[in-house]
Amino acid sequence: MKIIEGINLKKTYVLKRGLFGKKVYINALDGVSLSIFKGETFGLVGESGCGKSSLGKVLLRLEDPTEGKILFENRDITNLSSRDMKLLRRKMQIVFQDPYTSLNPRKSVFDILGEPFVVHYQLPKKERLEKVKFLLEMVGLPLDSVYKYPHQFSGGQRQRIAIARAIALEPSFIVADEPLSALDVSVQAQIIELFLRLQENLGLTYLFISHDINVVAYIAQRVGVMYRGKLVEEGLTGEILKRPLHPYTKLLLKAATWQREGRGFSQFKILSEENGKIGGCVFVSRCKEAKPICKESHPELKEVEKGHKVACFL
């Protein structure tokens, strides 16, 4: 059963630059379609600026799509009012990348974790305190953390608080937007294990966003690879790792191997991107295998094997 589905999603940001405020259009999402099934972890990988975070925010309606449709539990939520979305927020939450900025430094843990119960249920203080203590136990933090402030915790502990806030209202779907990138490597494994344990205990579904394909390979059952606002490959994690089909996916996996081996990226040569607008396939300027057709039109994401899709003429 699909828990959430994005259909041909587009998101364009309009920026003003220069003395006269010249408008610049940035296509963060360019016709992305994907489905996430109940109880799974769908990993989304790609380099910085490819549109991963924009996709997560659009699916949750934290940002509205420029075009396209969003279905949550088979219900079209693309144009829901803010009032209807408030009710839906209980079911869909997000864990942001940086726990140093996502937690209000002026609020105690009690205020941070208790706030959802005020906004949605107007619970009295005594009941909120019980809920907060229960959440702290769920994420492995001591109960005496209740009245402490974010600056009194380590980075890993802050991310645990952020995760506790996300599960407070018992959601069914959580977007984890680069939740490990601001943490030490030694702490990352602990947070991954926490995500897995909560998924098993609470029946959660994740969209797990990361630039690190090694992390996604460990936690996700299916993987989507994004490049320049487009989904270029999608499939079962094992299949993607074993037999990547898109040149960009191959590039990511090769880079991940070099990273594991501790070898410098300076030796890892790829074709640089050309300046200006690129026609045809979004990856054509960096692809060593590009054919004439790749410069003329963009390949559609098509299923080439059961459950394995790729957007590539090769």
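The values are calculated or read from the model by the stated rules, or taken from the named source; none is laboratory data. These numbers come from a predicted model, not from an experiment. As a convention, Cβ positions derive from the backbone with ideal geometry for all residues, glycine included, and neighbour counts pool all protein chains shown.
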Completion exercise
Of (1) in contact with a strand residue (DSSP E or B) (Cβ under 9 Å, 6 or more places away or on another chain); (2) not assigned by TED's automatic domain parsing to the domain that holds Asn214, Val45 satisfies every one except (2)
Practice task
Working carefully through the options Ile77, Ile112, Ile26, find the one that is free of Cβ contacts under 8 Å to residues at least 24 places away in the same chain and farther than 21 Å from Arg228 by Cβ.
Solution key: Ile77
Exercise for the section: Please state which of the following conditions Val216 fails to meet, knowing it meets all the rest: (1) touching a strand residue (DSSP E or B) at 6+ places or on another chain (Cβ under 6 Å); (2) assigned to a helix (DSSP H, G or I); (3) within 24 Å of Glu73 (Cβ to Cβ). Expected result: (3)
Handout entry: Selection status of Ala220, assigned by TED's automatic domain parsing to the domain that holds Gly46 and farther than 24 Å from Lys10 by Cα
Key = yes
Exercise for the section: Report the residue count in the stretch 166-213 for those that are in a helix (DSSP H, G or I) and either aromatic (Phe, Trp, Tyr) or in contact with a Pro (Cβ under 6 Å, 6 or more places away or on another chain) (or both). Expected result: 1
Problem - Long-range neighbours under 6 Å by Cβ, at least six apart or interchain, first residue assigned by TED's automatic domain parsing to the domain that holds Glu127 within the stretch 162-190, second among the acidic types (Asp, Glu) - result: Ala182/Asp98
Exercise for the section: Using the structure shown, decide if Leu271 is at pLDDT 90 or above and either in a loop (DSSP other than H, G, I, E, B) or surrounded by 12 or more Cβ atoms within 10 Å (Cβ to Cβ) (or both). Expected result: no
Exercise for the section: Answer yes or no: is there a residue in the stretch 116-135 that is touching a Leu at 6+ places or on another chain (Cβ under 7 Å) and at pLDDT below 95. Expected result: yes
Problem - Residue list for the stretch 107-129, filter: among the aliphatic types (A, V, I, L, M) and in a loop (DSSP other than H, G, I, E, B) - result: Leu123
Practice task
Identify, by number, the condition in (1) in contact with a His (Cβ under 7 Å, 6 or more places away or on another chain); (2) closer than 26 Å to Val216 by Cα that Gly56 doesn't meet.
Solution key: (1)
Practice task
Answer yes if at least one residue in the stretch 22-29 is in a loop (DSSP other than H, G, I, E, B) and either modelled with pLDDT of 95 or more or in the same structural domain as Leu87 (by TED's automatic domain parsing) (or both), and no otherwise.
Solution key: no
